[in-house]
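The values are calculated or read from the model by the stated rules, or taken from the named source; none is laboratory data. Note that this is a predicted model, so its numbers are computed, not measured. Positions of Cβ are generated from backbone atoms using ideal geometry, with glycine treated the same way; all protein chains shown enter the neighbour counts.
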Amino acid sequence: MLSAVATLLVLTGCAAQGSDQGSAAAAQSGPVGQANVQDNDSMKDVVKVAIGSKDHTTLVAAVQAADLVDALSNAGPFTVFAPTNAAFDKLPKGTVADLLKPANKETLRLVLLHHTTTSALEVDQLMDGQNLGMADGSSAKITKKGADTYIDGAKIVGSVRASNGMVHVIDAVVARTAK
């Protein structure tokens, strides 16, 4: 019995020492957060879907400037209505550059959160006239016109399933009304 207790104490001490070394190694290894997990085998999360799209470089820059990469890389579920670069180009000249300034970080966060809901919704789950609660605390209206689906006037032109939700590509930036 005494040898079993001694063995248990030795194993417990080794495990604690190993976890201390692991913690130290993790602290020295660089940035932390879900977005920094390297995984080339699993389905991409909503952020990695956007990063992999040549049509969403402006959105990716905005998500990075707003410090939302880690939040949107978490388990979710999320539905992100992702404006294309062309959608951002429709905004008045200078709008995107102004939003990307550090002084406008909170405004940019609210704009991006207005493009996000905390559910994984397929297009066929969106109903005409539905008011969808968005992550910024406001709502956006879903409209169906024939086979097309719109969110506050922005047309959903494509959809991609992600590991933590859905990305719906839209052709316009969804206007956020002040709450």
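Numbers for the structure displayed
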item: Flag if Thr84 is touching a Gly at 6+ places or on another chain (Cβ under 9 Å), within 17 Å of Thr149 (Cα to Cα) and touching a residue at least 12 places away in the same chain (Cβ under 8 Å); result: no
item: Scan of segment 147-167 for residues that are at pLDDT 90 or above, outside any loop (DSSP other than H, G, I, E, B) and closer than 20 Å to Arg109 by Cβ, ordered by number; result: Ile151, Ala154, Val167
item: Only one of Ser42, Ser19, Ser29 that is within 20 Å of Met166 (Cβ to Cβ), surrounded by fewer than 18 Cβ atoms within 10 Å (Cβ to Cβ), at pLDDT below 85 and among the polar types (S, T, N, Q); result: Ser42
item: Test for Leu91: is it more than 23 Å from Tyr150 (Cβ to Cβ) and touching a residue at least 24 places away in the same chain (Cβ under 8 Å); result: no
item: Residue identified as within 24 Å of Gly158 (Cα to Cα), surrounded by fewer than 20 Cβ atoms within 10 Å (Cβ to Cβ) and touching a Phe, Trp or Tyr at 6+ places or on another chain (Cβ under 8 Å) among Val96, Val60; result: Val96
item: Residue list for segment 114-125, filter: closer than 15 Å to Val174 by Cβ and either free of Cβ contacts under 8 Å to residues at least 24 places away in the same chain or in contact with a helix residue (DSSP H, G or I) (Cβ under 9 Å, 6 or more places away or on another chain) (or both); result: His115, Thr116
